[in-house]
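Heads up: the structure comes next, in structure tokens.
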Amino acid sequence: MLNQFSRTELLLGSQAMDKLSKARVAVFGIGGVGGFVVEALVRSGIANFDLIDDDKVCLTNINRQIIATRKTIGRPKVEVMKERILEINPKASVNMHQCFFLSETANQFDFSEYDYVVDAIDTISGKIELVVRCEEKAVPIISSMGAGNKLDPTRFEVADIYETSVCPLAKVMRKELRERGIKKLKVVYSKEPAIKPLEDSESSCKINCVCPPGTERKCSSKRQIPGSVSFVPSVAGLIIAGEVIKDIVGIR
């Protein structure tokens, strides 16, 4: 019977679609990368999600985040993403966690329940904690390295963290994971050297913060505000989603 995933089934087959519909995927970070990960996963047949993000949609998210529109400004990102998932697949199961993932909040999550974890958060301590927790429970994880301050989406590659180069975030992750005895981690990273953002006070979130009321981690509190565009983090997110789908159904 024809359904919204029929074209995908023509490529993957019915058994693969059954696997996808039963898999439970946790996506940590529903931003420029993570939002497109979720979008591609639900359109591919994944039907069980855990969405983790403490942030609300901001005016400055509109240039690159799939859930960001004038109508969604000020709303929790996990809430908006859940609505979008259910508009695509009303039968999907979605758990929302509006929190900031760190070691202090990690015990809120039972990683043994996940079939796959996507790391699309932007704090090193949180990324490391995610990898360690997944390692402990033998849960597959894929991690997004830096996508900000870049303009060339063709420079993204899928690799093990210890095979990466150029990316400063990947360099730090290599060091930290090696110290913890983590032997491998699938990542999506870019070999494009980072572009230095223009110094323009009119466009600076540091000076002219427009974060919605009630936002705990405002842009003005961050050490550096990266520049970003619509066609770079979205590509990273789609690449990640493709890897998740292929790993779940066993495509090599």
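Please treat every number below as a calculation from the coordinates, not as lab data. Since this is a predicted model, take the numbers as computed values, not measurements. Ideal geometry is used to build each Cβ from the backbone, glycine not excepted, and the neighbour counts take in all protein chains shown.
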**Q.** Largest-first ellipsoid semi-axes for the chain, taking √(5λ) over the Cα gyration tensor eigenvalues, angstrom
**A.** 27, 22, 18
Q.
So if each residue of separation counts as 0.36 nm, and I subtract the Cα-Cα distance between Lys175 and Arg43, what length gain in nm does that give?
A. 43.9 nm
Q.
What does DSSP give for the chain in terms of the percent of beta bridges that are antiparallel, rounded to the nearest 5?
A. 25 percent
Q | Links that overshoot a 19 Å alpha carbon limit, given the list Lys56/Lys150; Lys186/Lys246; Lys137/Lys184; Lys127/Lys183 | A | Lys56/Lys150
Q) Tell me, what is the percent relative contact order of the chain, built from C-alpha pairs under 8 Å that lie six or more residues apart? A) 23 percent
Q | Peptide ranges 100-110, 118-128 listed from the most packed, as the mean C-beta count within 10 angstrom indicates | A | 118-128, 100-110
(Q) If I model a spin label at Glu157 and Thr69 as a point 7 Å from the Cα along the Cα→Cβ vector, what separation in nanometres do I get? (A) 3.9 nm
Q: Calculate, for Glu113 and Ile195, the FRET efficiency according to 1/(1 + (r/R0)^6) with r their C-beta to C-beta distance and R0 41 Å; round to the nearest 0.05.
A: 0.55
**Q.** Karplus (6.51, -1.76, 1.60) ³J(HN,Hα), θ = phi - 60°, over segment 189-196, in Hz, Gly and Pro reported as x
**A.** 9, 10, 8, 6, x, 5, 8, 6
**Q.** Extension gain (nm, one decimal) between Glu104 and Gln224, 0.36 nm per residue minus Cα-Cα
**A.** 40.8 nm
Q: Please work out how much length the chain gains when fully extended from Arg24 to Thr123, using 0.36 nm per residue of separation minus the C-alpha to C-alpha distance, in nm with one decimal.
A: 33.3 nm
